[in-house]
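Trainee: The structure under discussion is supplied below as C-alpha coordinates; questions concerning it will follow.
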Amino acid sequence: MTTPTHMVELRDVCMQFEENKVLDGFSLNVEPQERLVIMGQSGSGKSTILRLILGTLRPNSGSIFFKGFEITGLQRRKLQAVRQHMGMVYQYSALLSSRNVRENVALPLEELTDKSRDEIDKIVDEKLELVGMKDSKDLLPEELSGGMRKRVALARALVLEPELMLLDEPSAGLDPVIASVIDELIISLSDTAKVTSITVTHEMDSAFRIGTRMAMLYQGKIIEEAEPEKFKQSKNPVVAQFLSGSTEGPILEGSLDAITKK
Amino acid sequence: MADAQPPPVLVAQGIGHVSRNFLHEVGGVFWFIVNTFQEMLERIQQGRVPFRASSFFRHSQRAGVDSVPLVGLVSFFLGLTMTLLTGYQLQRFGTERLIPGLVAIGFTRELGPLLTGIMVAARIGAAFTAELGTMQVSEEVEAIESMGIGPLRFLVAPRMLALVLLMPCLSTASNIAAIFASSLICKAYFSIAFPYFLDLVKDSLLIRDIVTGIFKSFLFGLLIASIACYRGLTVKGGAAGVGTSTTSSVVTAITAVIGFDTLYNVIYTTFYPT
(Lines give C-alpha, C1' and ligand atoms only; values in the text may rest on other atoms or scores of the structure.)
Protein backbone atom coordinates (compact mmCIF):
# COMPACT_ATOMS: atom_id res chain seq x y z
CA MET A 1 0.00 0.00 0.00
CA THR A 2 1.36 3.43 -0.93
CA THR A 3 1.91 5.86 1.87
CA PRO A 4 0.10 9.14 1.31
CA THR A 5 2.01 12.40 1.74
CA HIS A 6 -1.02 14.55 2.42
CA MET A 7 -1.64 16.14 5.80
CA VAL A 8 -4.90 14.21 6.03
CA GLU A 9 -6.29 11.54 3.78
CA LEU A 10 -9.61 9.75 4.08
CA ARG A 11 -9.92 6.75 1.79
CA ASP A 12 -13.27 5.08 1.00
CA VAL A 13 -14.64 5.83 4.43
CA CYS A 14 -18.10 4.52 5.28
CA MET A 15 -19.85 5.61 8.42
CA GLN A 16 -23.26 4.46 9.49
CA PHE A 17 -25.26 5.29 12.62
CA GLU A 18 -27.76 2.47 13.01
CA GLU A 19 -29.83 2.66 9.79
CA ASN A 20 -28.52 6.07 8.77
CA LYS A 21 -25.61 5.92 6.33
CA VAL A 22 -23.79 9.23 6.79
CA LEU A 23 -20.63 8.67 4.74
CA ASP A 24 -20.63 6.29 1.84
CA GLY A 25 -17.23 5.66 0.26
CA PHE A 26 -16.04 9.10 1.27
CA SER A 27 -12.55 10.11 0.12
CA LEU A 28 -10.71 13.35 0.76
CA ASN A 29 -7.15 14.68 0.70
CA VAL A 30 -6.00 17.73 2.63
CA GLU A 31 -2.65 19.25 1.68
CA PRO A 32 -0.30 20.92 4.18
CA GLN A 33 -1.07 24.57 4.95
CA GLU A 34 -4.28 24.70 2.99
CA ARG A 35 -7.58 25.88 4.42
CA LEU A 36 -10.18 23.41 3.31
CA VAL A 37 -13.82 24.28 3.84
CA ILE A 38 -16.36 21.48 3.75
CA MET A 39 -19.88 22.64 3.04
CA GLY A 40 -23.08 20.69 3.17
CA GLN A 41 -26.57 20.56 4.55
CA SER A 42 -27.23 20.23 8.26
CA GLY A 43 -26.95 16.59 9.24
CA SER A 44 -25.04 15.67 6.09
CA GLY A 45 -22.08 14.32 8.12
CA LYS A 46 -19.72 17.31 8.11
CA SER A 47 -18.99 17.14 11.85
CA THR A 48 -18.66 13.35 11.57
CA ILE A 49 -15.71 13.87 9.21
CA LEU A 50 -13.92 15.97 11.85
CA ARG A 51 -14.61 13.37 14.54
CA LEU A 52 -13.28 10.62 12.30
CA ILE A 53 -10.05 12.56 11.73
CA LEU A 54 -9.76 13.14 15.50
CA GLY A 55 -10.39 9.46 16.13
CA THR A 56 -13.29 10.02 18.53
CA LEU A 57 -15.37 8.05 16.00
CA ARG A 58 -14.22 4.96 14.17
CA PRO A 59 -15.37 4.35 10.59
CA ASN A 60 -17.28 1.20 9.67
CA SER A 61 -14.84 0.75 6.80
CA GLY A 62 -12.12 2.69 5.00
CA SER A 63 -8.84 4.23 6.13
CA ILE A 64 -7.81 7.55 7.62
CA PHE A 65 -4.24 8.84 7.43
CA PHE A 66 -2.61 11.73 9.27
CA LYS A 67 0.74 12.83 7.87
CA GLY A 68 1.11 9.49 6.16
CA PHE A 69 0.35 7.35 9.20
CA GLU A 70 -2.79 5.31 9.30
CA ILE A 71 -4.75 6.26 12.42
CA THR A 72 -7.90 4.23 11.73
CA GLY A 73 -7.36 1.38 14.14
CA LEU A 74 -4.81 3.01 16.40
CA GLN A 75 -4.68 2.08 20.10
CA ARG A 76 -5.96 4.62 22.61
CA ARG A 77 -2.51 5.62 23.81
CA LYS A 78 -1.14 6.26 20.32
CA LEU A 79 -4.32 8.01 19.28
CA GLN A 80 -3.97 10.36 22.23
CA ALA A 81 -0.45 11.20 21.08
CA VAL A 82 -1.70 11.90 17.53
CA ARG A 83 -4.49 14.14 18.83
CA GLN A 84 -1.90 16.39 20.45
CA HIS A 85 -0.95 17.48 16.91
CA MET A 86 -4.54 18.54 16.20
CA GLY A 87 -6.67 21.32 17.62
CA MET A 88 -10.44 21.11 17.55
CA VAL A 89 -12.90 23.98 17.93
CA TYR A 90 -16.40 22.70 18.60
CA GLN A 91 -19.60 24.26 17.31
CA TYR A 92 -20.72 25.13 20.85
CA SER A 93 -17.14 25.75 22.05
CA ALA A 94 -17.24 22.90 24.61
CA LEU A 95 -15.34 24.87 27.25
CA LEU A 96 -15.17 23.16 30.64
CA SER A 97 -17.88 24.99 32.54
CA SER A 98 -16.30 24.55 35.97
CA ARG A 99 -13.01 26.17 34.93
CA ASN A 100 -12.33 29.78 34.12
CA VAL A 101 -10.90 30.98 30.82
CA ARG A 102 -7.30 30.73 31.95
CA GLU A 103 -7.75 27.21 33.32
CA ASN A 104 -9.52 26.10 30.15
CA VAL A 105 -6.72 27.33 27.93
CA ALA A 106 -4.00 26.03 30.27
CA LEU A 107 -5.51 22.54 30.55
CA PRO A 108 -3.67 20.83 27.65
CA LEU A 109 -0.38 22.36 28.77
CA GLU A 110 -0.85 21.29 32.38
CA GLU A 111 -1.88 17.77 31.47
CA LEU A 112 0.36 16.99 28.53
CA THR A 113 3.58 18.95 28.97
CA ASP A 114 6.24 19.39 31.64
CA LYS A 115 6.16 23.16 31.45
CA SER A 116 6.41 25.21 34.62
CA ARG A 117 3.57 27.35 35.90
CA ASP A 118 5.31 30.52 34.67
CA GLU A 119 5.83 29.09 31.20
CA ILE A 120 2.20 27.97 31.04
CA ASP A 121 1.00 31.40 32.15
CA LYS A 122 3.13 33.03 29.47
CA ILE A 123 1.77 30.79 26.71
CA VAL A 124 -1.82 31.19 27.92
CA ASP A 125 -1.45 34.98 27.96
CA GLU A 126 0.06 34.90 24.50
CA LYS A 127 -2.78 32.80 23.05
CA LEU A 128 -5.48 34.79 24.82
CA GLU A 129 -3.94 38.00 23.52
CA LEU A 130 -3.98 36.53 20.02
CA VAL A 131 -7.74 36.05 20.24
CA GLY A 132 -8.30 39.31 22.14
CA MET A 133 -9.40 37.67 25.38
CA LYS A 134 -6.53 38.48 27.73
CA ASP A 135 -8.68 40.68 29.95
CA SER A 136 -11.28 37.95 30.47
CA LYS A 137 -9.07 35.19 31.77
CA ASP A 138 -10.67 35.06 35.20
CA LEU A 139 -14.21 34.76 33.86
CA LEU A 140 -16.15 31.50 33.78
CA PRO A 141 -17.55 30.26 30.43
CA GLU A 142 -21.10 31.08 31.56
CA GLU A 143 -20.07 34.73 31.88
CA LEU A 144 -18.93 34.89 28.24
CA SER A 145 -20.88 35.63 25.08
CA GLY A 146 -20.99 33.12 22.20
CA GLY A 147 -18.26 34.93 20.29
CA MET A 148 -16.01 35.16 23.34
CA ARG A 149 -16.43 31.44 23.99
CA LYS A 150 -15.49 30.66 20.41
CA ARG A 151 -12.36 32.74 20.75
CA VAL A 152 -11.40 31.01 24.00
CA ALA A 153 -12.01 27.64 22.34
CA LEU A 154 -9.74 28.75 19.52
CA ALA A 155 -7.04 29.77 22.00
CA ARG A 156 -7.36 26.41 23.75
CA ALA A 157 -7.05 24.56 20.46
CA LEU A 158 -3.94 26.57 19.60
CA VAL A 159 -2.14 26.18 22.88
CA LEU A 160 -0.24 23.03 21.90
CA GLU A 161 0.69 24.61 18.55
CA PRO A 162 -1.13 22.03 16.42
CA GLU A 163 -0.31 21.32 12.80
CA LEU A 164 -3.95 20.72 11.97
CA MET A 165 -6.95 22.74 13.09
CA LEU A 166 -10.42 21.26 12.88
CA LEU A 167 -13.16 23.86 13.10
CA ASP A 168 -16.80 22.93 13.43
CA GLU A 169 -19.01 25.86 12.42
CA PRO A 170 -16.59 28.49 13.80
CA SER A 171 -18.81 31.46 13.00
CA ALA A 172 -22.28 29.97 13.38
CA GLY A 173 -24.59 32.05 15.56
CA LEU A 174 -22.19 35.00 15.77
CA ASP A 175 -22.79 38.55 14.65
CA PRO A 176 -21.09 39.44 11.32
CA VAL A 177 -18.32 41.49 12.92
CA ILE A 178 -17.30 38.80 15.43
CA ALA A 179 -17.65 36.17 12.69
CA SER A 180 -15.19 38.17 10.58
CA VAL A 181 -12.81 38.45 13.53
CA ILE A 182 -12.83 34.66 13.95
CA ASP A 183 -12.34 34.15 10.21
CA GLU A 184 -9.42 36.58 10.14
CA LEU A 185 -7.85 34.71 13.04
CA ILE A 186 -8.09 31.40 11.21
CA ILE A 187 -6.57 32.95 8.09
CA SER A 188 -3.73 34.58 10.00
CA LEU A 189 -2.98 31.28 11.74
CA SER A 190 -2.41 29.47 8.50
CA ASP A 191 -0.35 32.39 7.14
CA THR A 192 1.83 32.92 10.20
CA ALA A 193 1.91 29.58 12.02
CA LYS A 194 1.60 27.45 8.86
CA VAL A 195 -1.37 25.61 10.31
CA THR A 196 -3.50 23.44 8.05
CA SER A 197 -7.19 23.81 8.72
CA ILE A 198 -10.38 21.95 7.91
CA THR A 199 -13.46 24.04 8.50
CA VAL A 200 -16.95 22.69 8.40
CA THR A 201 -19.64 25.27 7.84
CA HIS A 202 -22.72 26.28 5.92
CA GLU A 203 -22.17 29.98 6.47
CA MET A 204 -21.41 31.18 2.94
CA ASP A 205 -19.62 34.44 3.71
CA SER A 206 -17.39 32.82 6.26
CA ALA A 207 -16.67 29.80 4.06
CA PHE A 208 -15.52 31.86 1.08
CA ARG A 209 -13.50 34.16 3.31
CA ILE A 210 -11.60 31.35 4.99
CA GLY A 211 -11.26 28.70 2.30
CA THR A 212 -8.40 28.18 -0.10
CA ARG A 213 -10.29 25.11 -1.32
CA MET A 214 -13.96 24.28 -1.04
CA ALA A 215 -15.65 20.90 -0.97
CA MET A 216 -19.33 20.06 -1.09
CA LEU A 217 -20.57 17.06 0.84
CA TYR A 218 -23.79 15.53 -0.42
CA GLN A 219 -25.27 12.12 0.27
CA GLY A 220 -22.13 10.83 1.95
CA LYS A 221 -19.68 11.87 -0.76
CA ILE A 222 -17.73 14.89 -1.92
CA ILE A 223 -19.55 15.91 -5.10
CA GLU A 224 -17.56 19.04 -5.91
CA GLU A 225 -14.11 20.22 -4.94
CA ALA A 226 -12.53 23.44 -6.22
CA GLU A 227 -10.91 26.74 -5.39
CA PRO A 228 -13.42 29.33 -4.11
CA GLU A 229 -13.90 31.20 -7.38
CA LYS A 230 -14.33 28.04 -9.44
CA PHE A 231 -16.59 26.59 -6.78
CA LYS A 232 -18.89 29.61 -6.99
CA GLN A 233 -19.29 29.02 -10.71
CA SER A 234 -19.88 25.29 -10.36
CA LYS A 235 -22.35 23.81 -12.80
CA ASN A 236 -23.24 21.06 -10.38
CA PRO A 237 -26.98 21.54 -9.66
CA VAL A 238 -26.60 20.60 -5.98
CA VAL A 239 -23.77 23.10 -5.45
CA ALA A 240 -25.61 25.77 -7.42
CA GLN A 241 -28.78 25.27 -5.37
CA PHE A 242 -26.85 25.22 -2.08
CA LEU A 243 -24.98 28.44 -2.90
CA SER A 244 -28.11 30.25 -4.09
CA GLY A 245 -30.26 28.98 -1.22
CA SER A 246 -33.03 28.21 -3.70
CA THR A 247 -35.82 25.80 -2.85
CA GLU A 248 -35.84 24.61 -6.47
CA GLY A 249 -33.35 21.90 -7.21
CA PRO A 250 -32.17 18.41 -6.37
CA ILE A 251 -31.46 18.99 -2.66
CA LEU A 252 -35.05 19.10 -1.49
CA GLU A 253 -36.39 16.91 -4.27
CA GLY A 254 -39.05 14.70 -2.82
CA SER A 255 -38.90 16.21 0.62
CA LEU A 256 -40.06 19.68 -0.49
CA ASP A 257 -43.55 18.40 -1.23
CA ALA A 258 -43.70 16.88 2.20
CA ILE A 259 -42.60 20.16 3.80
CA THR A 260 -45.05 22.34 1.88
CA LYS A 261 -47.91 19.94 2.53
CA LYS A 262 -47.27 20.24 6.27
CA MET B 1 -59.36 -12.75 29.22
CA ALA B 2 -57.28 -15.79 28.30
CA ASP B 3 -56.39 -14.16 24.94
CA ALA B 4 -54.53 -11.34 26.73
CA GLN B 5 -52.05 -13.79 28.25
CA PRO B 6 -48.66 -13.58 26.52
CA PRO B 7 -47.56 -16.82 24.88
CA PRO B 8 -44.62 -18.55 26.59
CA VAL B 9 -42.26 -17.68 23.77
CA LEU B 10 -42.85 -13.96 24.36
CA VAL B 11 -42.18 -14.36 28.07
CA ALA B 12 -38.97 -16.25 27.29
CA GLN B 13 -37.98 -13.52 24.82
CA GLY B 14 -38.68 -10.86 27.42
CA ILE B 15 -36.56 -12.64 30.02
CA GLY B 16 -33.81 -13.10 27.45
CA HIS B 17 -33.92 -9.43 26.53
CA VAL B 18 -33.73 -8.28 30.17
CA SER B 19 -30.92 -10.76 30.91
CA ARG B 20 -28.94 -9.62 27.88
CA ASN B 21 -29.29 -5.96 28.88
CA PHE B 22 -28.29 -6.81 32.44
CA LEU B 23 -25.17 -8.67 31.31
CA HIS B 24 -24.36 -5.88 28.88
CA GLU B 25 -24.49 -3.35 31.72
CA VAL B 26 -22.45 -5.53 34.08
CA GLY B 27 -19.83 -6.04 31.37
CA GLY B 28 -19.88 -2.31 30.61
CA VAL B 29 -19.18 -1.34 34.21
CA PHE B 30 -16.48 -4.02 34.52
CA TRP B 31 -14.60 -2.81 31.42
CA PHE B 32 -15.11 0.76 32.54
CA ILE B 33 -13.21 -0.01 35.76
CA VAL B 34 -10.52 -1.92 33.86
CA ASN B 35 -10.06 0.90 31.32
CA THR B 36 -9.88 3.51 34.06
CA PHE B 37 -7.10 1.61 35.82
CA GLN B 38 -5.39 0.98 32.50
CA GLU B 39 -5.39 4.69 31.64
CA MET B 40 -4.01 5.47 35.08
CA LEU B 41 -1.25 2.87 34.74
CA GLU B 42 -0.32 4.08 31.26
CA ARG B 43 0.02 7.57 32.67
CA ILE B 44 2.16 6.35 35.56
CA GLN B 45 4.35 4.42 33.10
CA GLN B 46 4.94 7.73 31.30
CA GLY B 47 6.28 9.07 34.59
CA ARG B 48 3.36 11.40 35.18
CA VAL B 49 0.69 11.59 37.83
CA PRO B 50 -2.65 10.20 36.54
CA PHE B 51 -4.59 13.17 37.92
CA ARG B 52 -3.97 16.26 39.93
CA ALA B 53 -3.95 16.05 43.73
CA SER B 54 -6.20 19.11 43.91
CA SER B 55 -8.86 17.27 41.92
CA PHE B 56 -8.66 14.26 44.24
CA PHE B 57 -8.89 16.44 47.36
CA ARG B 58 -11.83 18.40 45.95
CA HIS B 59 -13.79 15.21 45.37
CA SER B 60 -12.70 13.81 48.74
CA GLN B 61 -13.96 16.93 50.43
CA ARG B 62 -17.30 16.74 48.66
CA ALA B 63 -17.84 12.99 48.79
CA GLY B 64 -16.29 12.37 52.17
CA VAL B 65 -16.04 15.29 54.53
CA ASP B 66 -19.26 16.95 53.41
CA SER B 67 -21.15 13.65 53.82
CA VAL B 68 -20.15 13.21 57.47
CA PRO B 69 -23.07 15.22 58.94
CA LEU B 70 -25.70 13.31 56.95
CA VAL B 71 -24.16 9.89 57.52
CA GLY B 72 -23.57 10.68 61.19
CA LEU B 73 -27.11 11.95 61.79
CA VAL B 74 -28.87 9.06 60.06
CA SER B 75 -26.64 6.52 61.81
CA PHE B 76 -27.25 8.26 65.13
CA PHE B 77 -31.02 7.95 64.70
CA LEU B 78 -30.75 4.36 63.54
CA GLY B 79 -28.50 3.56 66.51
CA LEU B 80 -31.13 5.05 68.85
CA THR B 81 -33.95 3.08 67.23
CA MET B 82 -32.02 -0.17 67.11
CA THR B 83 -31.06 0.11 70.78
CA LEU B 84 -34.62 0.87 71.85
CA LEU B 85 -36.14 -1.94 69.77
CA THR B 86 -33.64 -4.62 70.77
CA GLY B 87 -33.31 -3.30 74.31
CA TYR B 88 -36.97 -3.78 75.25
CA GLN B 89 -36.97 -7.30 73.81
CA LEU B 90 -33.76 -8.30 75.57
CA GLN B 91 -34.90 -6.68 78.82
CA ARG B 92 -37.75 -9.20 79.00
CA PHE B 93 -35.14 -11.93 79.35
CA GLY B 94 -32.86 -9.87 81.59
CA THR B 95 -30.10 -9.78 78.95
CA GLU B 96 -29.94 -6.06 78.22
CA ARG B 97 -26.16 -6.18 78.71
CA LEU B 98 -26.05 -7.75 75.24
CA ILE B 99 -27.30 -4.51 73.64
CA PRO B 100 -23.89 -2.78 73.29
CA GLY B 101 -22.34 -5.80 71.60
CA LEU B 102 -25.34 -6.27 69.34
CA VAL B 103 -25.34 -2.69 68.15
CA ALA B 104 -21.54 -2.54 67.84
CA ILE B 105 -21.28 -5.77 65.81
CA GLY B 106 -24.41 -5.00 63.80
CA PHE B 107 -23.12 -1.60 62.75
CA THR B 108 -19.43 -2.34 62.36
CA ARG B 109 -19.95 -5.39 60.25
CA GLU B 110 -23.18 -4.71 58.46
CA LEU B 111 -25.31 -1.63 58.95
CA GLY B 112 -22.53 0.97 59.01
CA PRO B 113 -21.12 0.16 55.55
CA LEU B 114 -24.56 -0.61 54.13
CA LEU B 115 -26.22 2.56 55.41
CA THR B 116 -23.23 4.66 54.33
CA GLY B 117 -23.28 2.99 50.91
CA ILE B 118 -26.95 3.77 50.40
CA MET B 119 -26.59 7.38 51.49
CA VAL B 120 -23.44 7.99 49.47
CA ALA B 121 -25.05 6.38 46.40
CA ALA B 122 -27.97 8.78 46.73
CA ARG B 123 -25.95 11.87 47.57
CA ILE B 124 -22.67 11.52 45.69
CA GLY B 125 -23.55 8.94 43.04
CA ALA B 126 -26.32 11.20 41.77
CA ALA B 127 -23.99 14.21 41.78
CA PHE B 128 -21.25 12.35 39.86
CA THR B 129 -23.71 11.10 37.22
CA ALA B 130 -25.38 14.48 36.76
CA GLU B 131 -22.02 16.26 36.56
CA LEU B 132 -20.40 13.89 34.07
CA GLY B 133 -23.67 13.51 32.15
CA THR B 134 -23.92 17.27 31.68
CA MET B 135 -20.29 17.36 30.54
CA GLN B 136 -21.03 14.53 28.12
CA VAL B 137 -24.05 16.20 26.49
CA SER B 138 -22.30 19.57 26.24
CA GLU B 139 -19.37 17.90 24.41
CA GLU B 140 -16.95 18.74 27.24
CA VAL B 141 -15.89 15.10 27.60
CA GLU B 142 -15.25 14.84 23.88
CA ALA B 143 -13.30 18.11 23.99
CA ILE B 144 -11.06 16.64 26.71
CA GLU B 145 -10.58 13.52 24.61
CA SER B 146 -9.83 15.57 21.49
CA MET B 147 -6.97 17.33 23.30
CA GLY B 148 -5.29 13.95 23.81
CA ILE B 149 -6.23 13.77 27.49
CA GLY B 150 -7.67 10.46 28.72
CA PRO B 151 -11.14 11.32 30.08
CA LEU B 152 -11.21 8.23 32.31
CA ARG B 153 -8.05 9.04 34.20
CA PHE B 154 -8.81 12.77 34.18
CA LEU B 155 -12.49 12.71 35.17
CA VAL B 156 -13.24 9.26 36.60
CA ALA B 157 -10.07 8.23 38.44
CA PRO B 158 -10.03 11.06 41.04
CA ARG B 159 -13.72 10.53 41.78
CA MET B 160 -13.32 6.77 42.02
CA LEU B 161 -10.26 6.94 44.25
CA ALA B 162 -11.84 9.59 46.49
CA LEU B 163 -14.92 7.47 47.05
CA VAL B 164 -13.00 4.20 47.54
CA LEU B 165 -10.71 5.76 50.13
CA LEU B 166 -13.34 7.84 51.89
CA MET B 167 -16.01 5.16 52.24
CA PRO B 168 -14.26 3.31 55.12
CA CYS B 169 -13.84 6.66 56.91
CA LEU B 170 -17.53 7.42 56.46
CA SER B 171 -18.47 3.93 57.65
CA THR B 172 -16.35 4.48 60.74
CA ALA B 173 -18.13 7.79 61.35
CA SER B 174 -21.43 5.96 60.96
CA ASN B 175 -20.35 3.26 63.45
CA ILE B 176 -19.20 5.81 66.00
CA ALA B 177 -22.43 7.82 65.70
CA ALA B 178 -24.60 4.72 66.09
CA ILE B 179 -22.62 3.33 69.04
CA PHE B 180 -22.68 6.74 70.70
CA ALA B 181 -26.47 6.93 70.22
CA SER B 182 -26.77 3.43 71.64
CA SER B 183 -24.73 4.40 74.70
CA LEU B 184 -27.10 7.31 75.38
CA ILE B 185 -30.18 5.05 75.26
CA CYS B 186 -28.46 2.35 77.31
CA LYS B 187 -27.67 4.92 79.97
CA ALA B 188 -31.13 6.53 79.93
CA TYR B 189 -33.37 3.46 79.68
CA PHE B 190 -31.35 0.40 80.64
CA SER B 191 -29.05 1.81 83.34
CA ILE B 192 -25.83 0.82 81.57
CA ALA B 193 -23.17 3.37 82.50
CA PHE B 194 -20.79 4.65 79.82
CA PRO B 195 -17.62 2.86 81.06
CA TYR B 196 -19.52 -0.43 81.35
CA PHE B 197 -21.05 0.14 77.91
CA LEU B 198 -17.58 0.64 76.47
CA ASP B 199 -16.29 -2.52 78.16
CA LEU B 200 -19.18 -4.54 76.74
CA VAL B 201 -18.51 -3.15 73.25
CA LYS B 202 -14.80 -3.98 73.52
CA ASP B 203 -15.55 -7.50 74.78
CA SER B 204 -17.92 -8.35 71.97
CA LEU B 205 -16.27 -6.66 69.01
CA LEU B 206 -13.69 -8.69 67.10
CA ILE B 207 -11.01 -7.40 64.77
CA ARG B 208 -12.61 -9.62 62.15
CA ASP B 209 -15.84 -7.60 62.36
CA ILE B 210 -13.99 -4.34 61.87
CA VAL B 211 -11.93 -5.69 58.95
CA THR B 212 -15.08 -7.09 57.30
CA GLY B 213 -16.81 -3.72 57.57
CA ILE B 214 -13.83 -1.84 56.17
CA PHE B 215 -13.39 -4.26 53.28
CA LYS B 216 -17.07 -3.94 52.41
CA SER B 217 -16.77 -0.16 52.48
CA PHE B 218 -13.92 -0.21 49.95
CA LEU B 219 -15.99 -2.45 47.71
CA PHE B 220 -19.10 -0.28 48.00
CA GLY B 221 -17.06 2.85 47.25
CA LEU B 222 -15.71 1.26 44.06
CA LEU B 223 -19.18 0.08 43.04
CA ILE B 224 -20.93 3.40 43.61
CA ALA B 225 -18.23 5.47 41.90
CA SER B 226 -18.02 3.11 38.91
CA ILE B 227 -21.77 2.90 38.37
CA ALA B 228 -22.23 6.66 38.82
CA CYS B 229 -19.38 7.63 36.48
CA TYR B 230 -20.29 4.96 33.92
CA ARG B 231 -23.88 6.17 33.82
CA GLY B 232 -22.69 9.78 33.53
CA LEU B 233 -20.35 9.13 30.63
CA THR B 234 -22.87 7.04 28.70
CA VAL B 235 -25.66 9.63 28.84
CA LYS B 236 -27.60 10.05 25.62
CA GLY B 237 -30.46 12.39 24.84
CA GLY B 238 -29.66 15.82 26.27
CA ALA B 239 -31.05 17.16 29.55
CA ALA B 240 -33.75 14.49 29.75
CA GLY B 241 -31.06 11.85 29.32
CA VAL B 242 -29.09 13.30 32.22
CA GLY B 243 -32.19 13.09 34.43
CA THR B 244 -32.93 9.51 33.41
CA SER B 245 -29.32 8.44 33.90
CA THR B 246 -29.10 10.09 37.31
CA THR B 247 -32.19 8.26 38.54
CA SER B 248 -30.94 5.03 37.03
CA SER B 249 -27.51 5.54 38.59
CA VAL B 250 -28.93 5.95 42.11
CA VAL B 251 -31.28 2.96 41.77
CA THR B 252 -28.57 0.75 40.25
CA ALA B 253 -25.96 1.76 42.82
CA ILE B 254 -28.26 1.16 45.80
CA THR B 255 -29.39 -2.19 44.39
CA ALA B 256 -25.79 -3.17 43.65
CA VAL B 257 -24.66 -2.20 47.17
CA ILE B 258 -27.42 -4.26 48.82
CA GLY B 259 -26.90 -7.13 46.36
CA PHE B 260 -23.14 -7.24 46.91
CA ASP B 261 -23.62 -6.98 50.66
CA THR B 262 -25.85 -10.06 50.58
CA LEU B 263 -23.45 -11.93 48.32
CA TYR B 264 -20.53 -10.99 50.55
CA ASN B 265 -22.37 -12.21 53.65
CA VAL B 266 -23.33 -15.50 52.01
CA ILE B 267 -19.74 -16.15 50.90
CA TYR B 268 -18.29 -14.98 54.21
CA THR B 269 -20.56 -17.06 56.41
CA THR B 270 -20.06 -20.11 54.18
CA PHE B 271 -16.26 -20.02 54.31
CA TYR B 272 -15.78 -18.39 57.72
CA PRO B 273 -18.70 -19.45 59.92
CA THR B 274 -18.70 -17.63 63.25
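Trainee: Considering only segment A:1-105, give the strands (runs of 3 or more DSSP E) lying wholly within it that have at least 1 residues that are surrounded by fewer than 18 Cβ atoms within 10 Å (Cβ to Cβ).
Mentor: By residue number, A:8-17, A:20-30, A:61-66.
Trainee: Please return the ranges of helices (runs of 4 or more DSSP H) entirely within segment A:151-262 where 3 or more residues are within 24 Å of A:Glu9 (Cα to Cα).
Mentor: A:176-192, A:204-210, A:228-232
Trainee: If you scan segment B:236-255, which residues turn out to be hydrophobic (A, V, I, L, M, F, W, C) and in contact (Cβ under 8 Å) with a residue 60 or more places away in the chain?
Mentor: Listed by number, the residues that qualify are B:Ala239, B:Val242, B:Val250, B:Ala253, B:Ile254.
Trainee: Given the residues A:Ser190, A:Ser171, which is the only one that is polar (S, T, N, Q), free of Cβ contacts under 8 Å to residues at least 40 places away in the same chain and within 27 Å of B:Glu140 (Cα to Cα)?
Mentor: Values: A:Ser190 fails: free of Cβ contacts under 8 Å to residues at least 40 places away in the same chain.
So the residue among A:Ser190, A:Ser171 that is polar (S, T, N, Q), free of Cβ contacts under 8 Å to residues at least 40 places away in the same chain and within 27 Å of B:Glu140 (Cα to Cα) is A:Ser171.
Trainee: Now for a separate question. With the requirement that a residue be within 22 Å of A:His202 (Cα to Cα) and at pLDDT 90 or above, what does segment A:27-45 give you?
Mentor: A:Ser27, A:Leu28, A:Asn29, A:Val30, A:Glu31, A:Glu34, A:Arg35, A:Leu36, A:Val37, A:Ile38, A:Met39
Trainee: Looking only at segment A:26-49, which residues are in contact with a helix residue (DSSP H, G or I) (Cβ under 9 Å, 6 or more places away or on another chain) and of a type in the set (A, V, I, L, M, F, W, C)? Steps first, answer last, please.
Mentor: Within segment A:26-49, the subset in contact with a helix residue (DSSP H, G or I) (Cβ under 9 Å, 6 or more places away or on another chain) is A:26, A:28, A:30, A:33-35, A:37-41.
Within segment A:26-49, A:Phe26, A:Leu28, A:Val30, A:Val37, A:Ile38, A:Met39 qualify.
Trainee: In segment B:194-219, which residues are in contact (Cβ under 8 Å) with a residue 60 or more places away in the chain and either touching a Phe, Trp or Tyr at 6+ places or on another chain (Cβ under 7 Å) or polar (S, T, N, Q) (or both)?
Mentor: Residues satisfying the conditions are B:Ser204, B:Thr212, B:Lys216, B:Ser217.
Trainee: Something else about it: Quick check on segment B:142-158: of everything there that is within 9 Å of chain A (Cβ to nearest Cβ) and part of a helix (DSSP H, G or I), which residue is nearest to the chain's Cα centre (by Cα)?
Mentor: Per the stated criteria, the residue is B:Phe154.
Trainee: Another question, if that's okay. Looking only at helices (runs of 4 or more DSSP H) that fall completely inside segment B:160-274, which ones have 2 or more residues that are closer than 24 Å to B:Val26 by Cβ?
Mentor: B:207-233, B:238-271
Trainee: Out of the residues in segment A:88-123 that are more than 14 Å from chain B (Cβ to nearest Cβ) and β-branched (Val, Ile, Thr), state the one that is farthest from A:Thr201 (Cα to Cα). First the steps, then the outcome.
Mentor: At the first step, the residues of segment A:88-123 found to be more than 14 Å from chain B (Cβ to nearest Cβ) are A:100-102, A:116, A:118-119, A:121-123.
Next, from what is left, pick out any that are β-branched (Val, Ile, Thr): A:101, A:123.
Numbers: A:Val101: 25, A:Ile123: 29 Å.
Applying the filter and picking the extreme gives A:Ile123.
Trainee: Hey, among the residues in segment A:150-182 that are buried (at least 21 other Cβ atoms within 10 Å of the Cβ) and among the charged types (D, E, K, R), which one's farthest from the other protein chains (Cβ to nearest Cβ)?
Mentor: A:Arg151
The values are calculated or read from the model by the stated rules, or taken from the named source; none is laboratory data. Remember, it's a predicted structure, so these values are computed and weren't measured experimentally. Note that each Cβ is placed from the backbone with ideal geometry, even for glycine, and that neighbours are counted across all protein chains shown.
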